[in-house]
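A short worksheet on the structure shown next.
The values are calculated or read from the model by the stated rules, or taken from the named source; none is laboratory data. For clarity, every value in this text was computed on a predicted model and none was experimentally measured. Every residue, glycine among them, receives a Cβ derived from its backbone with ideal geometry; neighbour counts consider all protein chains shown.
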Amino acid sequence: MAAQRRKAAAVPAAPKCSGAWTGTISYSRTQASSDSKTVERVSGRGRDTRNWEMSYTYNARVAVVESPERNGSSVGIANISHSFFSKEKIDAVEKNSCDRGKTWRDMRGSSTSETKTSGQASGEDANVSVGINADGTYTVSVGLPEIKGEVTGSQSSSFSGQCTPKEGKTFNLPAQATRIEGNSLTSDGSNRINPDDPNKLSGSYSRTWQNVTETISWNLQKCGAPLRITDMKFADMKFPKWNDWQDIAEQRGTIDGNLVKIKATILNASGETKFADVKFKETYKGDKWDGARPDGLLEGGEVSTRLEPGESRDVEFIWDSSGYAWFDDGRPRLLQRIKAELEENGKKVDEKTMNLKVAPKPLVLVHGLWSSWKAWESWQNILTTTHSYDWKAFPVGEKPEKGRMDTGGEFLSSAPTKSVYGNAVELDRYVKYAQEDRNAWHVDIVAHSMGGLISRQYIQSFMKPVEDGRPRVAHLIMLGTPNMGSPCADTMDIAFSITGTTPNAIRELKPDVVAEFNRVVTDRRGVKFSILAGDPLPVMCKRVVWNDGVVSVPSAHWIIKDKALSKNVHTDLTGTQDFSTFVRPRLAIGPKGDHLPEVEAPSASLLPEPGRYNGAGSGPFFGPAPMYVEDIGRAAKLAGKQTQEIEIPVAAAADLGITFMADAKISVELIDPQGRVAGKNLADSPGSRNWFRSIYLKEGVAAGTWKLRVTNTADLEHPAYFSIWQGAR
């Protein structure tokens with residue numbers, strides 16, 4: 001049997017498109033003027049100063065809908081806001097006498113006059129038109145109507161110095177109704193229709209003359225859906241004014257951690273009330289690596305709205321951009337694609353996608369003792385190759401007018417320095433500069449050596465809160481910071497005491513001074529702390545403990561939970577290797593990472609166990625803090641190519657240590673009482689670049705007169721400072 005054919009149900013024909021343009025047109029006019037003039041009085045004893053300022057702002061957004069006649073023409077429905085402000089202040093002063101010229105005084109008078117005109121209107125009829133030329137160019141024009149407004153004002157005066165006191169007065173002018181003139185503007189006809197999409201027009205035109213600027217922008221569509229998205233914009237807050245929103249320029253983008261206002265403009269071009277849902281999503285469509293990933297709804301990114309016939313409305317969503325400079329696997333994310341989907345009755349009727357560039361938080365770099373911003377000169381290139389040129393480095397002091405720390409300048413300088421607290425003040429200034437330069441509400445800090453103590457002081461004493469509830473500094477990463485001080489500071493103090501010029505910065509690194517610092521500086525205020533310690537050397541100033549040449553591992557790690565080890569010496573911890581393995585993984589945190597303030601308080605339980613090396617990696621056990629004899633200090637100043645011998649009395653002991661500070665061109669040999677070389681630390685050897693160079697004899701040491709043979713292999717004069725110690729075990 002032949003199958004019966006089913007008769008198709010009749011489908012209503014779609015209404016024919018009339019060809020009317022529908023969408024939105026925005027118009028703005030701004031004007032600002034000011035004048036200041038001083039005129040000398042005819043008497044020659046006084047002057048009148050006049051200061052005047054004026055500002056005018058007029059904004060209108062017009063919903064362009066099909067005219068009721070359905071004849072292919074369009075009409076506009078406008079929302080208009082207007083503000084005009086004028087202020088004039090006159091200050092007068094004249095020198096007069098109240099006692100016939102015996103004494104003279106300044107008699108002053110001041111008057112202020114303010115006027116404000118404001119008005120708002122919605123649902124006003126506006127004239128709109130689109131003119132298409134034969135060559136494909138077109139013009140868009142808008143004419144806005146007169147609206148109602150009101151005028152308010154005030155006048156005040158004050159006086160001083162008159163022979164007979166004169167009382168100033170203040171008058172507030174009651175609000176008076178007024179009419180605010182409309183405005184109109186037509187584009188210059190330079191815009192051209194896209195032949196691949198002739199039913200859509202989008203563009204803007206602006207003109208400026210004298211101090212007036214007019215702008216018209218449009219998003220129009222022919223035969224478009226009755227309910228659709230006509231525009232989408234991004235805005236962030238202009239630091240440091242919270243809630244001062246500004247549109248984000250495409251080339252500028254925003255900064256990781258900033259709040260972003262996503263605004264989609266929805267148009268109801270129909271003649272009936274519409275209910276719509278807008279869903280803001282992150283989309284990877286078109287991405288080279290993740291194009292297959294499904295779209296994801298941004299947290300809290302669903303908004304419902306109601307639109308009356310012909311109404312155009314902005315739907316806004318505040319998005320937290322934390323982590324969006326990176327993917328969750330640590331890869332750099334150069335831009336984020338944000339999609340707004342418009343649904344009616346659960347069915348998608350329109351969508352719009354825009355790209356937003358999100359750059360990493362600015363990285364403030366804090367140098368340590370005997371250093372400057374130049375210690376970080378290579379870091380901008382490191383950041384650029386790691387992410388992009390939008391990841392900016394801010395080494396403190398590069399622009400000294402924005403803040404400059406003083407930790408002693410060049411190596412072995414004995415010049416006076418600022419205190420940790422004083423340098424924290426400068427760091428505070430530089431953080432603000434970095435935020436203003438990048439319009440960033442949050443920064444990260446990487447600090448080397450003493451810079452970590454300065455950063456901790458800044459965080460407790462100067463870091464201002466941010467209204468979003470997260471700390472201004474998201475992460476403090478310390479490299480070789482002496483968080484429990486350094487015995488090398490004691491050594492330096494002894495060595496410099498010979499010349500009587502111990503810098504303040506050195507004293508503040510002594511273990512007993514840092515112990516007091518730790519008693520007072522305890523508040524991390526939600527900032528995440530991380531510490532990298534170097535452990536390539538087994539002996540340092542008065543200690544047999546793994547260290548980086550300046551700071552021991554236990555001192556650096558202190559009570560910081562997130563800690564790691566490096567085989568680099570102190571001055572090399574700022575190199576590319578430690579950036580890649582330690583710094584970068586702690587800053588390249590994607591959206592799913594932890595961006596909340598640190599909640600876990602430091603605990604004494606995180607201190608090294610007594611008698612043990614604390615931390616992963618190779619290293620021996622070490623005992624309790626050693627007892628040692630009082631150091632003996634020595635100093636020498638060697639001319640180019642000169643050799644000196646310094647006698648040192650040594651008591652019989654289990655060991656003997658020599659710690660010295662000298663240029664890498666200085667060679668030191670330790671000579672025993674029999675004239676034999678018992679130990680040496682030579683110029684240009686691998687360890688010669690360390691600030692603190694050591695010769696350590698851990699075997700039994702005979703009493704007698706020992707010598708230090710010091711040779712300057714350079715042509716220039718160099719100093720050397722020595723500390724001799726025993727009983728480190």
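Answer with yes or no whether Thr215 is assigned to a strand (DSSP E or B) and surrounded by 14 or more Cβ atoms within 10 Å (Cβ to Cβ). If you could, list the steps in order and put the result at the bottom.
Details: assigned to a strand (DSSP E or B): yes; surrounded by 14 or more Cβ atoms within 10 Å (Cβ to Cβ): yes.
Yes, satisfied.
Any residue in the stretch 367-381 that is closer than 15 Å to Ala424 by Cα sitting within a Cβ distance under 7 Å of a residue that is of a type in the set (Ser, Thr, Tyr)? List the pairs, counting only those 6 or more apart or interchain.
Listed by first residue and then by second, the contacts come to His367/Thr407; Gly368/Thr407; Gly368/Ser449; Leu369/Thr407; Leu369/Ser449.
For the stretch 317-335, state whether one or more residues are surrounded by 17 or more Cβ atoms within 10 Å (Cβ to Cβ), assigned to a strand (DSSP E or B) and acidic (Asp, Glu).
Yes.
Which of the residues that make up the stretch 290-337 are closer than 30 Å to Asp125 by Cβ and within 23 Å of the chain's Cα centre (by Cα)? Please lay out each step first, then the result.
First, pick out the residues of the stretch 290-337 that are closer than 30 Å to Asp125 by Cβ: 303-316.
Across the stretch 290-337, there are no qualifying residues.
Can you pull out every residue in the stretch 85-136 that is polar (S, T, N, Q) and either farther than 30 Å from Ser74 by Cα or not in a strand (DSSP E or B) (or both)? Steps first, please.
The initial filter retains those residues of the stretch 85-136 that are polar (S, T, N, Q), namely 86, 96-97, 103, 110-113, 115, 117-118, 120, 122, 127, 129, 133.
The answer is Ser86, Asn96, Ser97, Thr103, Ser110, Ser111, Thr112, Ser113, Thr115, Thr117, Asn133.
For the stretch 252-274, how many residues are at pLDDT 95 or above and either surrounded by fewer than 16 Cβ atoms within 10 Å (Cβ to Cβ) or not in a strand (DSSP E or B) (or both)?
Counting residues in the stretch 252-274 that are at pLDDT 95 or above and either surrounded by fewer than 16 Cβ atoms within 10 Å (Cβ to Cβ) or not in a strand (DSSP E or B) (or both) gives 4.
Residues being in a strand (DSSP E or B) and either more than 23 Å from Ile147 (Cβ to Cβ) or in contact (Cβ under 8 Å) with a residue 40 or more places away in the chain (or both): count how many of those fall in the stretch 174-205. Before you say what the answer is, go through the steps one by one.
Of all residues in the stretch 174-205, those in a strand (DSSP E or B) come to 174-180, 184-186, 191-192, 200-205.
Cutting the leftovers down to either more than 23 Å from Ile147 (Cβ to Cβ) or in contact (Cβ under 8 Å) with a residue 40 or more places away in the chain (or both) gives us 178, 180, 184-186, 191-192, 200-205.
Selection size over the stretch 174-205: 13.
Please enumerate the residues belonging to the stretch 698-710 that are buried (at least 19 other Cβ atoms within 10 Å of the Cβ) and within 54 Å of the chain's Cα centre (by Cα).
Within the stretch 698-710, Leu708, Val710 meet the criteria.
Please go through the stretch 41-77 and give me each residue that is among the basic types (Lys, Arg) and not in a strand (DSSP E or B), ordered by number.
Residues satisfying the conditions are Arg41, Arg45, Arg70.
Give the residue, chosen from Ala235, Ala292, that is at pLDDT below 90, closer than 28 Å to Trp391 by Cα and not aromatic (Phe, Trp, Tyr). Even if it seems obvious, please write down each step before you answer.
On the way: Ala235 fails: at pLDDT below 90.
From the options Ala235, Ala292, the qualifying one is Ala292.
Among all residue pairs at least 6 apart or on different chains, which show Cβ distances below 7 Å where the first residue, located in the stretch 389-403, is outside the structural domain of Leu334 (by TED's automatic domain parsing) and the second is among the β-branched types (Val, Ile, Thr)?
Qualifying pairs under 7 Å: Trp391/Thr384; Phe394/Val364; Val396/Val364; Val396/Val366; Gly403/Val396.
Just to check your reading of the model, which residue among Val364, Val396, Val358 is in contact with a Ser or Thr (Cβ under 6 Å, 6 or more places away or on another chain) and β-branched (Val, Ile, Thr)? Walk me through how you get there before you give the answer.
Details: Val364 fails: in contact with a Ser or Thr (Cβ under 6 Å, 6 or more places away or on another chain); Val396 fails: in contact with a Ser or Thr (Cβ under 6 Å, 6 or more places away or on another chain).
Step by step, each of Val364, Val396, Val358 is checked, and only Val358 is in contact with a Ser or Thr (Cβ under 6 Å, 6 or more places away or on another chain) and β-branched (Val, Ile, Thr).
Go through (1) closer than 30 Å to Ile229 by Cα; (2) among the aliphatic types (A, V, I, L, M); (3) modelled with pLDDT under 95 one by one and return the number of the condition Leu369 breaks.
Every listed condition holds for Leu369 apart from (1).
Consider the stretch 142-155. How many of its residues are under 30 Å from Pro195 (Cβ atoms) and in contact (Cβ under 8 Å) with a residue 60 or more places away in the chain?
The first filter runs over the stretch 142-155 and keeps only residues under 30 Å from Pro195 (Cβ atoms), leaving 142-143.
Subset that is in contact (Cβ under 8 Å) with a residue 60 or more places away in the chain: 142.
Residues flagged as under 30 Å from Pro195 (Cβ atoms) and in contact (Cβ under 8 Å) with a residue 60 or more places away in the chain within the stretch 142-155 amount to 1.
Restricting attention to helices (runs of 4 or more DSSP H) lying wholly within the stretch 508-589, give those where 1 or more residues are within 30 Å of the chain's Cα centre (by Cα) and within 26 Å of Asp329 (Cα to Cα).
Hits in the stretch 508-589: 584-587.
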